[in-house]
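I have placed the structure first, in the form of structure tokens, so that the comments after it can refer back to it.
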Amino acid sequence: MKARMTNPGYVLPGAMNGIGTIFQSIGESGLDQELSELVGLRVSQINGCSACVHAHVLNLRKAGAVAAWFEAPFFSDAERAALRLSEAMTRLSDRSHESVPDELWDEVADHFDEKELSGLILFVSLMNLFNRVNTTIKEPAGTTWG
């Protein structure tokens, strides 16, 4: 399978500069890298982005259980809170109430300080951006970036 077009981030290289700056800030937030990959995988599963799912699976050891994370015993309370937040931020059209209820916010805030939480929010937001770009241009699984 071939993508419909070159990834827009490469067509408009200024966009990659901004994304790189956001990634640098996320790296400085103290957010755990494995947790980022776990969250990125779940968001990409929800959005049906095979290119991103493939990339995150390569970087994770818990990948097999992510789709059923709620039932799987392999995740810490902090990981579960981050996954709940990720799903809430990603499934905006599924909601019949506020996107992130106070109860969920409080749960996540119990596990992450403000810098880590900022990193998590920005990371989930970027994953949703990447998923939307990649599914639109039909970026194939196995694509590498960088």
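The values are calculated or read from the model by the stated rules, or taken from the named source; none is laboratory data. Keep in mind it's a predicted model, so treat the numbers as computed, not measured. Here Cβ is always computed from backbone atoms with ideal geometry, including for glycine, and neighbour counts include all displayed protein chains. Quick note on the areas: whole protein, heavy atoms, side chains included, nothing else; ligands and nucleic acids left out. Shrake-Rupley method; radii C 1.70, N 1.55, O 1.52, S 1.80 Å.
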Q. Leaving out ligands, DNA and RNA, what percent of the accessible area of the chain is carbon and sulfur, probe 1.4 Å?
A. 55 percent
(Q) Once you keep just the Cα pairs under 8 angstrom separated by 6 or more residues, what percentage relative contact order results for the chain? (A) 42 percent
(Q) Under 5 Å between amide hydrogens, which residues at least 5 positions from Ala3 or on another chain qualify, with H placed 1.01 Å from N in the peptide plane? (A) none
(Q) Run the simple label-point estimate for Ala68 and Trp145 please: 7 Å along Cα→C-beta, distance reported in nm. (A) 3.0 nm
Q. Against the longest principal axis of the chain, how steep is helix 77-90, in degrees 0 to 90 to the nearest 10, with axes from Cα atoms?
A. 50 degrees
